[in-house]
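Asker: Handing you a structure now.
The values are calculated or read from the model by the stated rules, or taken from the named source; none is laboratory data. All figures in this text were calculated on a predicted structure; none of them were measured in a lab. FYI the Cβ positions are ideal-geometry reconstructions off the backbone, even for glycines, and counts take in every protein chain you see. Remember, those area values only see protein heavy atoms, side chains included, never the ligands or the DNA or RNA. Shrake-Rupley method; radii C 1.70, N 1.55, O 1.52, S 1.80 Å.
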Amino acid sequence: MNRLLILFFIIIPVIGLNAQEKEKMVWNNHQCAVALTYDDGLNVHLDKVIPVLDSLEFRGTFYLPGNSAALDKRLDEWRAAANRGHELGNHTLFHPCAGKSMGREWVPPDYDLDDYTIGRMVDEIRMANLLLKAVDGKTRRTFAYTCGENAIGDSVFTGLIRDDFVGARGVFPRLENIASVDIFDIGSFMIQDKTGEDLIKLVTQAKETGRLLVFLFHGVGGEHNINIDLEEHNKLLFYLKENERDIWIAPLAEIAEYIRNHEIPAQQ
Ligand SMILES: [Zn+2]
């Protein structure tokens, strides 16, 4: 075998490996990305979640409806959290949801999405952006569809809010591929009564497949009927900390911004 040929056999596999490795590190030089999102502006987010996130130097996304009692009473604490890098996400002003469906008796008639017009919904979302800007001074954030609803009847309003956000979180439980994710319908896993091990299993799947995983929490240690024990939630955070070399943990706005700027390599 001549020298050139030997060189060929040595170099080619290395190049091949690098390309493969590079592809795996597509999430800001990590194998996968994880966003921790918390809905509905609860006191437990300020009292239990944010302190543990801060202690681990993680930043989360908190979807705050304008009428959240914890926003009204503790506005300065939300502002301080935003100043430390947590995202205050838009979750409308009054959390409208389709109230005519089964199990939606809890929806107040004044805020029944079935009785909204598209224009009213879009106006409400934009006013919620103004409210949040008054709190944190920011103009770039994500939106979370209330009850996962992106339409009134058959009329989808997503197209009308594209210029108002860097992206939007949906509720379809799906690990997202950077090359195919719909930035205005980012999948998420709603967590109810799961163990820390269940959550870690999802992260492992995201790592193995090189995807984005978005967690959707409500109550953490109480305050909402969709709840997870604080201890189980924290097991996930400690696992993420131990593995943060491989996992990019960031607010969803930061990840969405990154996806928007990410160039999809040409297929070979
Ligand atoms: Zn909600």
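Asker: Using a 1.4 Å probe over the heavy atoms of the protein chains, calculate the carbon and sulfur portion of the accessible area of the chain as a whole percent.
Answerer: 53
Asker: Taking the alpha-carbon distance from LYS24 and a cut-off under 13 Å, which aspartates and glutamates remain once sequence neighbours fewer than 8 residues away in the same chain are dropped?
Answerer: Of all the aspartates and glutamates, those that pass the test against LYS24 - Cα under 13 Å, at least 8 places apart if same chain - are GLU208, ASP246.
Asker: Under the rule that a partner needs its Cβ under 4.7 Å from the first Cβ, which Cys of the chain have none?
Answerer: CYS32, each lacking another Cys Cβ under 4.7 Å.
Asker: Given points 7 Å out from each Cα along the Cα-Cβ axis, report the PHE172 to ASN43 separation in nanometres with one decimal.
Answerer: Label-label distance for PHE172 and ASN43, simple model: 3.8 nm.
Asker: A further question follows. So for the pair ILE118, ASP198, with labels modelled 7 Å out along Cα→Cβ, what separation do we get in nm?
Answerer: Taking the simple label geometry, ILE118 and ASP198 are separated by 3.7 nm.
Asker: Might you tell me the accessible area per residue for the range 34-261, computed with a 1.4 Å probe and given in Å²?
Answerer: Accessible surface, normalised per residue, equals 44 Å².
Asker: With the Cα gyration tensor of the range 34-261 giving a ≥ b ≥ c as the square roots of its eigenvalues, does the rule (a/c under 1.5 for rounded; else a/b larger than b/c for prolate; else oblate) give rounded, prolate or oblate?
Answerer: Verdict is rounded for the range 34-261.
Asker: Please report the antiparallel percentage of DSSP beta bridges with both residues in the range 17-111, rounded to the nearest 5.
Answerer: Antiparallel: roughly 10 percent of the beta bridges in the range 17-111.
Asker: What's the center-to-center distance, using Cα atoms, between the range 162-177 and the range 185-240 in Å?
Answerer: Using only Cα atoms to place each centre, the spacing works out to 17 Å.
Asker: Tell me, what is the FRET efficiency for GLU244 and MET190 to the nearest 0.05, using R0 = 30 angstrom and their Cβ-Cβ distance as r?
Answerer: Once rounded, the FRET efficiency stands at 0.80.
Asker: Follow-up. Give the residues of the range 85-106 whose amide nitrogen is closer than 12 Å to a point set 7 Å from the Cα of HIS224 in the direction of its Cβ.
Answerer: Under 12 Å, as judged by backbone N against the label point of HIS224, lie 91 of the range 85-106.
Asker: In square angstrom, rounded to the nearest 10, how much accessible surface does ARG140 have for a 1.4 Å probe?
Answerer: 120
Asker: May I pose another question? Lys/Arg Cβ at +1, Asp/Glu Cβ at -1, dipole of the chain taken about the Cα centre: which of ILE152, ILE118, GLY85 is farthest positive-ward?
Answerer: With unit charges placed on the Cβ atoms, the residue in question is GLY85.
Asker: For the range 133-190, what class follows from the C-alpha gyration tensor (a ≥ b ≥ c being the square roots of its eigenvalues): rounded when a/c is under 1.5, otherwise prolate if a/b is larger than b/c, else oblate?
Answerer: oblate
Asker: What does the charge count near LEU175 come to, summing +1 for each Lys or Arg and -1 for each Asp or Glu among other residues with Cβ under 11 Å from its Cβ?
Answerer: Summing Lys/Arg as +1 and Asp/Glu as -1 gives +1.
Asker: Taking LYS194 as the anchor, which aspartates and glutamates have their alpha carbon closer than 14 Å to its alpha carbon, excluding any fewer than eight residues away along the same chain?
Answerer: Output for LYS194: ASP229, GLU231, GLU232.
Asker: Please report the antiparallel percentage of the DSSP beta bridges confined to the chain, to the nearest 5.
Answerer: 15
Asker: Is the range 137-268 best put as rounded, prolate or oblate by its Cα gyration tensor, with a ≥ b ≥ c the root eigenvalues, rounded for a/c under 1.5, and otherwise prolate when a/b is larger than b/c, oblate when not?
Answerer: Because a/c hits 1.5 or more and a/b fails to exceed b/c, the range 137-268 counts as oblate.
Asker: Further question: Which residues make up the longest stretch of the chain clear of GluC sites (Glu not before Pro) that lie in a DSSP loop with no more than 15 other Cβ atoms within 10 Å, not counting the sites?
Answerer: The longest such stretch corresponds to 106-243.
Asker: Where the only charges are on Cβ atoms (+1 Lys, Arg; -1 Asp, Glu), what is the dipole of the chain about its Cα centre, to the nearest 20 debye?
Answerer: So the dipole magnitude of the chain works out to roughly 940 debye.
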